[in-house]
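Reading through the structure tokens given below for one structure.
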Amino acid sequence: MSQATQAQRIEAGYKAFTGHQFSQAEADAYNRYTAEIEAERWPPTREFLKDQRHRFFCRTIGAEGF
């Protein structure tokens, strides 16, 4: 996967636009999604995992509906 398409990892303490600050557990969970996406080669599964990661991010920061 090229660097341009590779997602960045989130570190504990990352502050989202809603003001939510990620705990270590939240950052680890987000980064596990990212690692799974990077390892997956089947496009439909990659898209599913991206969607799940996005949902997790939105729920975590309190911005559901984005």
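Each value in this text was obtained by applying a stated rule to the coordinates, not by laboratory testing. This one's a predicted model, so the numbers in the text were calculated from it and none came from an experiment. Here the Cβ positions follow ideal geometry from the backbone for every residue, glycine too, while neighbour counts run over all protein chains shown.
A few remarks follow.
- Total residues in the range 36-48, condition under 13 Å from residue 7 (Cα atoms) and either of a type in the set (Lys, Arg) or surrounded by 13 or more Cβ atoms within 10 Å (Cβ to Cβ) (or both): 4
- Residues that are without any contact (Cβ under 8 Å) to a residue 40 or more places away in the chain and surrounded by 15 or more Cβ atoms within 10 Å (Cβ to Cβ), drawn from the range 9-27: 10, 14, 22, 26, 27
- Residues (charged (D, E, K, R), in contact with a helix residue (DSSP H, G or I) (Cβ under 9 Å, 6 or more places away or on another chain) and in a helix (DSSP H, G or I)) located in the range 48-66: 50, 53
- Hits in the range 22-33 - residues which are within 14 Å of residue 56 (Cα to Cα) and either outside any loop (DSSP other than H, G, I, E, B) or in contact with a helix residue (DSSP H, G or I) (Cβ under 6 Å, 6 or more places away or on another chain) (or both): 25, 26, 27, 28, 29, 30, 31, 32, 33
- Residues that are part of a helix (DSSP H, G or I) and touching a helix residue (DSSP H, G or I) at 6+ places or on another chain (Cβ under 6 Å), drawn from the range 34-45: 36, 37
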